[in-house]
């Protein structure tokens with residue numbers, strides 16, 4: 001019975017991975033922006049970034065998913081109605097990516113902020129003293145070291161993000177959880193299909209851990225040699 005539904009589950013898994021990687025890209029952009037805001041000299045941007053991270057950590061992911069999908073659709077259609085435009089139906093993929101990216105952008109904000117603070121400030125000051133632009137200092141001094149400090153926390157956030165993609169099934173996206181639910185309902189064998197989904201998630205997270213640990217070793221290689 002499982003073999004008959006396996007192509008459908010794999011197609012759902014492909015869509016789940018697409019959601020995960022698209023959400024990760026958005027989360028990284030928001031995380032960098034949030035970390036920059038928290039470390040800026042502007043009290044307004046620091047407070048805005050703090051409010052953002054506090055809100056995300058205080059509201060459950062599922063609630064945010066439903067608020068953005070349904071609330072966003074209501075707000076957008078209220079606007080287009082005033083403009084005399086046609087009804088807009090928000091795509092579940094877009095809503096899922098926007099929600100997960102928005103949620104994990106807050107967590108990556110703290111990841112990047114902590115990584116930047118771990119870099120000795122004298123190194124960035126030296127770069128500016130040599131006449132380097134702010135972008136050059138970030139690209140040649142801050143970013144390479146920030147990556148090394150951020151990888152452990154990045155790994156944890158990525159693993160949680162992958163697992164959180166299961167939430168998009170509640171807004172109608174045909175991801176692997178949605179496909180498994182359909183198969184379980186048709187065959188009345190929920191244990192078989194949800195166990196298979198669990199195995200697929202475990203495979204993705206295990207591979208992710210292996211690759212990210214290798215990446216961490218690569219970025220830490222020179223540091224480890226220097227500390228012997």
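No lab work stands behind these numbers, since they all come straight from the coordinates. As the structure is a prediction and not an experimental result, all values here were calculated from the model. Every residue, glycine as well, gets a Cβ built from its backbone with ideal geometry; the counts of neighbours run over all protein chains shown.
Odds and ends about this structure:
- Radius of gyration and Dmax over the Cα atoms of the chain, both given in Å: 21.2, 69
- Once the Cα atoms are used to define both axes, helix 143-164 deviates from the longest principal axis of the chain by about 20 degrees.
- Percent RCO, i.e. relative contact order, over segment 2-226, from Cα pairs under 8 Å lying at least 6 residues apart: 29 percent
- In plain terms, the chain from residue 220 to residue 83 could stretch by 43.8 nm, reckoned as 0.36 nm per residue minus the Cα-Cα distance.
- Pairwise FRET efficiency - residue 46 versus residue 143, Cβ, R0 = 22 Å, nearest 0.05: 0.50
- Gained length - residue 2 relative to residue 208, 0.36 nm times residue gap less alpha-carbon distance: 71.6 nm
- Principal-axis tilt of helix 72-82 within the chain, Cα atoms, nearest 10 degrees: 80 degrees
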